[in-house]
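Take a look at the structure set out below.
Bear in mind these aren't lab numbers, they're just calculated from the coordinates by the rules spelled out. Please read all numbers here as calculations on a predicted model, not as lab measurements. Note that each Cβ is placed from the backbone with ideal geometry, even for glycine, and that neighbours are counted across all protein chains shown.
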């Protein structure tokens, strides 16, 4: 038997760090995105009524924005009966279904702007949009049992099968932007229609065999076309496309017990976490192609680390975790959730980052002579909507299904992947994460419980019904035998720890990063007097670090002893050690740029 | 009286470091460039015979390539009677003059490709090409006394005066790429025609008042149009354009005793050397716009540091030195000459860098998915010709006139700016630079001699006719009283010194750079076993540095104690101090990439 994640439908978050965020998502975020999408003409566009010369010309990806909004709303509806969200979804679904062709085809851009160009341009997100519509249809059906949208999207899937498999009438064989593969797998599981599984497999198997890479190739491979998927061993190209593909590959491998496909997934996952991932869990080192680059290339100021890519990595990791209970996958999900994912949404739950840099030098915002070239420097402020606004509804849907990442079952053994206060059928968990490492788990009945020992944890204590407990650790999970009602108290030590990068990461040579438990910390200028670039810290300062509870971040800030380098008047001077003692205050990375745009650093100069 | 540089015509280099380079220039470089320019159709294009559809379509800047080649050849001819060079020059000049319009106009691109677009597009280098032709004409006249080319270019200058001043028939007021201003000042001094001085002044005064910046502006200002020149205080935009302008400004200020213009030059020069110059003397921090960016922004791998910009900074510094005897200007010339300029030509004198990076990570050459985006990473190998091949003949002409940077006279006081073995009227100098700091100067007659104390020099000894000597130091020059035949022996201590950057340079935080005398050193992978990025050095290692004479570099290599950081298997690990002792071998920066493309670092990790 393989482990199986417990679906978010069967998990309820309890008061705590993430419950607050999930509530804000349901009360604020989903509505805020709706208003912004409405203002920008996205919903109106779904009626296919736009005509040349009018404002709000439809973009090739607007279907996916609408679909992800419906999907996020559906997940919220699943847990909270919100009549407003239901009626808004129904309204949008009615529009889409009424404008869907008899053939099953529906695409805002192509039906409105280029009706004769259907399925001729691989770059233009048609199958990507279709995939998001399918995911939304499945989510809405599962939330409400209304099957109108689901049936409509099945007709669309049938039409796609006709064009890409039966008739081969399309001008390309595989989507330029992956997404439909994972969506078809969901559609298959929802409908039990094996043709959808076959179609997903078709798109996955055809990649790298028929279409050629449409982006000029140096060594990276924008749309993962460089090799047949089973031969791929490194994470390449556009990071969101890549991880949506890898997610579908892992899902298909699980579904079909396809070991060669799973081996490719394992190699790629390992390549990501050992060579191509920021300490925040962000992926995609460059603005150019929003892409993975090469091993150990992790620039901080120009980190792309797209919010959607963080989410896609969580998807991929979870599919891997459903294949094998290895803490490395859940560790990665934790790293992304608390850092590179959570940074993407503002503390007031209304504004978003598309890119999540690991350093901001405000002057760099005016470094280059043209705004085009300047694009490689991320925004220093979260925005409520972007012209390419893929991230906001993606963030909302992940927050809504967060419960689905906490528990799994392997046969009768419940597994605890994430320490988030929550309950499911026979388990209730109260967690102090991320502020302290105390977790209480109440289980009823099962013989064995597996608890993940986080990768960052060096020491922990565990008690069972008040007594010292012993268990067996396997692949990063502590297995405890329980009988009847059992209370497990586990406490993971959470000292302040400065981390360093592998020395092959040139950008982080001579730098260290402050962490505590799952949280990566950063310094912001607003909390510190000396310019951050002139401040040096030693890993020894962890021993005297002072923690201060900060309500607005719902987490501790950390103050450490530090050294300010004295500035000479000249640009170059003989190296010396002119340092003054100072302190440096650090905040959780996810909280950066919530007060003002200012200098920010994750990787600090090491003394 | 102001100091006046002694022209290269009156200075002869003696055996030593630079004489070898100057000989190679006359024997190898000038011929090698000729062949490459011929192969690529540049000389043929001067006949204006190219027709649409044929190979080698003329570029807008080809006139300047030809002109700079003639100019460099003229300087060589001035010192060595080389009949081949003379006949090649004559041949090219005959072509140009025969194809010059009766009006005086001559431009390969516009006469050939767009005859009706003359003086309509500021961006298209017309006046830049004209300026280079004028410089060449002056140089050839001074070398040979043949005035055909000079007269032709005077007619061209007259025509430009007509179009831009008298009739105002041009569509723009000032050149997009400065150059003609400094050329007109040379033409004025050669012909004594005050209208050329007035025209130079016209172009300088009009800048920033009439034309608007043609490159989209963020904060930098591509063609120095952001303010009238007298109000400019920072070095902005395209670094070559900028320094050609500043050179002309300083020249005009000297010529016209224009204090407000000289004040602007001083402010700009200070801004460059205190905030915007690499330790190699390279300028222009970015590929985007080949431009200055912002204060303290000096990225190493993507340094633009164009060879032409290094040369232009030498021009600017010399004009400043002719206004005031302050060692800061000669120090800058020395820094550029031995490092960022000399790196631009290969040791075999045939191949060139356009950009001169301060670090090479070979993997970065394949970092981005498209070669367009990849452009910000410099080549890792010198090339014999580029499509935009402005640098090679510029390098050649500077090597040919190197003698002009060594001496000056202030009233009767000879000044020694550069320690290069050479002689002029009444001075002979034998210098050990850059390998040792011993200099012997023999002077005859004058009362006082001024010798620059290099900015890097902490201690020196000086003897006059074998006895300890005392002098007065003013603005970095040591003034010694001499009578009759005097031998001055001055020895500048040249220890190995590790330098650090101003802490505001984020890119160099936690890094140091090895120097010795005027030379900046770098590490190349070929001389070292551990990957350079994993090696750390302390400034203390300077005390035990081992110098080894290396014939191919004509200079010492330096070996220092160092520490290799042990690589963990993981991407991130708790910071620790796992170092192994090792050594690091360093070569003069100018010699990098002469053996193979490999990892290179100027700024080393500091332990």
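Based on other C-beta atoms within 10 Å, arrange B:230, B:442 from fewest to most.
Starting with the residue having the fewest Cβ neighbours, the order is B:442, B:230.
Between residue A:145 and residue B:55, how many nm apart are label points set 7 Å from Cα along the C-beta direction?
Result for the modelled spin labels: 7.8 nm.
At a 10 Å Cβ-Cβ cut-off, how would you order A:106, B:329, fewest neighbours first?
With the fewest neighbours first, A:106, B:329 line up as A:106, B:329.
Report the closest approach of any chain A C-beta to the axis of the A-to-B rotation: residue and distance, in whole angstrom.
A:510, 2
What number do you get for region B:215-400 when its Cα radius of gyration is normalised by 2.2 N^0.38 Å, N = residues?
Cα-based Rg divided by the globular estimate yields 1.01.
To two decimal places, what compactness ratio does region B:13-206 give when its Cα radius of gyration is scaled by 2.2 N^0.38 Å?
1.03
Grab the DSSP H runs of the protein assembly as shown that are 4 residues or longer, score each as -39,500 (n - 2.57), total them, divide by all residues and round the 222 nm result to the nearest 500 deg cm²/dmol.
Helix-only estimate at 222 nm: -10000 deg cm²/dmol.
In degrees between 0 and 90, to the nearest 10, how far off the longest principal axis of chain A does helix A:83-99 point, with axes built from Cα atoms?
40
Using only Cα atoms, find the angle between the long axis of helix B:259-275 and the longest principal axis of chain B, and express it within 0 to 90 degrees, rounded to the nearest 10.
Relative to chain B, helix B:259-275 is tipped by roughly 40 degrees.
Could you work out how far apart the two model spin labels at residue A:167 and residue B:566 are, taking each label as a point 7 Å from the Cα in the direction of the beta carbon, and quote it in nm?
With each label placed 7 Å out from Cα toward Cβ, I get 6.5 nm.
Would you mind getting me the FRET efficiency between residue B:97 and residue B:193? Use the beta-carbon distance for r and R0 = 30 Å, nearest 0.05.
In this case the efficiency is close to 0.95.
Across peptide A:565-571, what mean number of C-beta atoms from other chains lies inside 10 Å of a residue's C-beta?
The shielding value for this peptide is 6.
To the nearest 10 degrees, how steep is helix A:30-39 against the longest Cα principal axis of chain A, on a 0 to 90 scale?
Roughly 60 degrees, rounded to the nearest 10.
Please arrange B:553, A:37 by how many other C-beta atoms lie within 10 Å of their C-beta, fewest to most.
So the residues, fewest neighbours to most, are B:553, A:37.
Expressed in nm², what is the orientationally averaged projection area of the convex hull enclosing the Cα positions of the protein assembly as shown?
49.2
Mind ordering A:362-368, A:110-116 by average Cβ neighbours within 10 Å, highest first?
Highest mean packing first, the order is A:362-368, A:110-116.
Just want to confirm a number: the relative contact order over region A:208-400, from Cα pairs under 8 angstrom separated by 6+ residues, in percent.
18
Hey, what did chain A get for relative contact order, percent, Cα under 8 Å, at least 6 apart?
It rounds to 14 percent for chain A.
Normalised radius of gyration for region A:1-99, please: alpha carbon Rg relative to 2.2 N^0.38 Å, two decimal places.
1.30
What is the average number of partner chain Cβ atoms found within 10 Å of a Cβ in B:299-306?
Partner Cβ neighbours, averaged per residue: 1.
When a/c is below 1.5 the answer is rounded, else prolate if a/b is larger than b/c, else oblate, so apply that to chain A with a ≥ b ≥ c taken from the square roots of the Cα gyration tensor eigenvalues.
oblate
Could you order peptides B:400-407, A:62-69, B:563-570, A:251-258 by the average number of other Cβ atoms within 10 Å of their residues, highest first?
Final packing ranking: A:62-69, B:400-407, A:251-258, B:563-570.
Rounded, prolate or oblate: which fits region A:360-483, taking a ≥ b ≥ c as square roots of the Cα gyration tensor eigenvalues, rounded meaning a/c under 1.5, else prolate when a/b beats b/c?
prolate
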